[in-house]
Every structure is written in C-alpha cells, then in structure tokens.
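Single-structure report; data block below.
The values are calculated or read from the model by the stated rules, or taken from the named source; none is laboratory data. The structure presented is a predicted model; accordingly, all values stated were derived computationally and were not measured. Here Cβ is always computed from backbone atoms with ideal geometry, including for glycine, and neighbour counts include all displayed protein chains.
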C-alpha cells in the first residue's frame, strides 16, 4: 500500500509541537510493516534543509486564483529518516524561517496543498491513501473529490487526523476563488458557520477521521471550538488511535544527547548522573527532587498558572524542591516565569526557547514532569517521561487519561482532575512524599520504563483503518 502523509510539520525537518513528532515517526513504522509510506511537507528555511541533499522531482507553476506561484518538489536523497521525504518549495511563500505565524498563512498552506495535488495529478499511477494531518492540509479531501482538474484522484482514500481541534484555519469567502474550479453547489462542503473552514471541510469530505487518542475523540464532542455538532454527525466514520513514540529516537540505552545512557537495570545510577549534570548547568541541588515543565507556554497547557503554582510550591517547601522550565510562548508567561529566578535562586531556573537536546537531558535527569493541561489531545511528553523513568504529574484529560495511571490506583503517575493552582499544588505535595519513599519510586521507575508506547500498535491500527 502506498501512503502519502501531508503535514505542515515533520521532525527533524520542522517541529513546533507533537504533530512534528508524529509525522516524523508514523511513516517509518508503517514502512516496517511492509508498506510504502512517504511524507510531503513544505520546504522551510531550516537547518535540516540547508545541511542535507535533495534532488528535484517536479518543477511547475500553480495558481491561487489569478496569482501564479512557482512550485519545485525535491526528494531527500539518503532516506535517512526511514521513509521518503519530499519537500515543497514555493518561492515567496514557503521559503521562510518559521512554520506558522505569518499574515498570509492561508495563502501559504493553500498553495502547498494545490502544488502537491498538481504533482500527484501527473503521476502515471495513483497512491492508495492520502493521509492529511490537521487543518493545514484540510482542503485536500474536498479538492480531490470535487475539483474538476483533480477528478482522476477522486478514488484515492483520504484520511484526516485531528491533532488539535482548536485550530481550524478559517478564512473568508472572499478567498474562495483561490481554489481550482468546482461545482459551486458543493461550496457547503467548505464552510462552517460564516467562513471557509479547512478542518470542518476535511471532517465532511475525508473517507475516515481519526483523533490522536480515544479519550480525545469523546472530548471533542463537547469541546471542539464550534465543531461539536459536525463531529457528532460524522462520529460513524471516526476513530481514536493513540499516538506512539519513536523508541529509536527516545531510547535511554543509546541516546546520544544524554550525559550518561542507562537501562531499566541501571536507571538509578543513570538518572543520578544526568541529574547531576543538569543541576550543575542550572545551579540546582541534585539532592533535592527536581520538578520540570517542558512545552509551549500557552493556556491550553495550563502555563498561565505555572508562575503562581511554582511560587507557592517553592515558598511552602522551604527550599526542599527544585523546579526547571523549558519552553516558550506567551510573552507575559515567559516574563513571569523568568522573574521567579530572582526570588528562588538555587531552587529554580528557566530556559525560554526550544532546545531538543536539552529536552532529552531533562527527561533523563528530572524526577517529575508536570502537565497541567486544559487540552491535551494525546500528549507525547508524558510518554517520553515514562520511557526515561520520570514520573508524570498530569491532569486527567485526553491522551493523558489514556496513558497515565495514578499511583493510588496501582499505577506509575500522579493524576489530578482540574487545571487549578490548588490541584497542581496538591499533586506536587504527593510527588514530594513519593520521592521520600526511595524503594517505591525506584520500583515505579523500573515499571514505567518497561511500558510499551511504541508506534508498532498504532501503525497497524492505521493500516487497518485504510483497508476498511
């Protein structure tokens, strides 16, 4: 089976969040099952693009209405990611440093989708599946089914995976002319409420819809930023498939980013060495329990509460805990978190920004990972933490509910029910008590590291879905 994954992100080429990790791993595991999965993504101005070799496989022009754009598609030559990678160069639109955040993002991602379909349209054969990830690729199912120029593609199975239903890519009807010609009676398949909505269109037009965890499929029936009714009506073609993690990248036994690699057998000494190295860099005491937060500093992650949570925890612990933050996002939250450095030197530190190597080192060196999310469709951080023997402290929501069992229920994590200062503070207190029980936390670490959250099962579930 030939599978084309379309995505705005793919690790290690360009990653903003979990979407990049998923698309950077799932195709590799599908190939291991004997299929032919490839990724086609935009070509941004990233380090990966500058340091690797590509060959051009397509050179043409596309159109956004009357606006022409130059498209070049190139293939990475070495297959170093475990799957064929194709990148879409669009002069003046995609050749930028950032993935998102530009005022013309609508034009950028629509041109990318049209460029990809123009390319596939001139193939001598047809792929079996086009797997679309989030709203940036959400108009592909509509265009393959309804645009006259792509009528030869209308029997290709299209799959939509919703990584986060809060972001939908809406834009005004004044830009309808950007799309290739289609029967205007079908325009209702594009819209939701008063705008063209790529995510809503994909939900309507894709052959199947998936979410990145079973619990998230249930949750978006009542919390999907206005799409609740549509998702309920399309529930019959929807499924929740829990994401996995790439256990070749996230492997404590041979992770090149760690100061000391370790296994289940050597977890105590391994984590101790990585913690000492980490604490030396950030002026923390390795003898104290180390709590950490890794991720985007946005409301969905509960990050707006972190400054107050951390202030209370540090003040009430009388200097008996350490906290380290790695993340970026809301400038106000960034500033408040950085300000805590002045109050709690020696017990608290921050790294504002994105640093893949440091994230690996923190997972290996920390004792606890905080995820007080308001929305968490799947969450990968808690799976990385489990794999590295770090106890996750999570709110029971989305994929966190599906992957973390509380120590009070015979599990290996610490769970709470609300994203609130009190709930998270209470969870930190429980974690501190657990840290004092050396025998118990040692066993929990070993149990966590032996959990299987690899992509093997999920990759097969997607194959089964394609074949339905």
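What about residue 308, is it over 30 Å from residue 459 (Cβ atoms) and part of a loop (DSSP other than H, G, I, E, B)? So residue 308 fails the test.
Every listed requirement among (1) closer than 28 Å to residue 466 by Cα; (2) out of contact with any strand residue (DSSP E or B) (no Cβ under 9 Å at 6 or more places or on another chain); (3) surrounded by 14 or more Cβ atoms within 10 Å (Cβ to Cβ) is met by residue 229 save one, (3). Within 22 Å of residue 199 (Cα to Cα) and within 21 Å of the chain's Cα centre (by Cα), is that true of residue 98? Here the answer is yes, as residue 98 does meet what is asked.
Residue 383 falls short of the stated requirement of being touching a helix residue (DSSP H, G or I) at 6+ places or on another chain (Cβ under 8 Å), closer than 20 Å to residue 299 by Cβ, surrounded by 22 or more Cβ atoms within 10 Å (Cβ to Cβ) and at pLDDT 95 or above. Yes or no: residue 425 modelled with pLDDT under 95 and either closer than 24 Å to residue 324 by Cα or surrounded by fewer than 18 Cβ atoms within 10 Å (Cβ to Cβ) (or both)? Against the criterion (modelled with pLDDT under 95 and either closer than 24 Å to residue 324 by Cα or surrounded by fewer than 18 Cβ atoms within 10 Å (Cβ to Cβ) (or both)), residue 425 does not qualify.
State which residue is farthest from the chain's Cα centre (by Cα) when the search covers only segment 32-72 and only residues that are closer than 30 Å to residue 461 by Cα and buried (at least 17 other Cβ atoms within 10 Å of the Cβ). Give the derivation first.
Filtering segment 32-72 for residues closer than 30 Å to residue 461 by Cα gives 32-43.
Keeping just the survivors that are buried (at least 17 other Cβ atoms within 10 Å of the Cβ) gives 35, 37-43.
Values: 35: 23, 37: 19, 38: 18, 39: 16, 40: 17, 41: 15, 42: 17, 43: 19 Å.
Among residues in segment 32-72 that are closer than 30 Å to residue 461 by Cα and buried (at least 17 other Cβ atoms within 10 Å of the Cβ), the one farthest from the chain's Cα centre (by Cα) is 35.
Matching residues to (1) over 16 Å from residue 93 (Cα atoms); (2) in contact with a strand residue (DSSP E or B) (Cβ under 6 Å, 6 or more places away or on another chain); (3) free of Cβ contacts under 8 Å to residues at least 40 places away in the same chain:
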site: 34; (1), (2), (3): yes, no, yes
site: 44; (1), (2), (3): no, yes, no
site: 56; (1), (2), (3): yes, yes, yes
site: 65; (1), (2), (3): no, no, no
site: 71; (1), (2), (3): no, yes, no
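Exactly one residue among 146, 121 is touching a helix residue (DSSP H, G or I) at 6+ places or on another chain (Cβ under 8 Å), in contact (Cβ under 8 Å) with a residue 24 or more places away in the chain, in the same structural domain as residue 38 (by TED's automatic domain parsing) and farther than 27 Å from residue 239 by Cα, and that residue is 121. Anything in segment 345-373 that is out of contact with any strand residue (DSSP E or B) (no Cβ under 8 Å at 6 or more places or on another chain) and surrounded by 15 or more Cβ atoms within 10 Å (Cβ to Cβ)? List them, or say none. Within segment 345-373, 360, 361, 364 meet the criteria.
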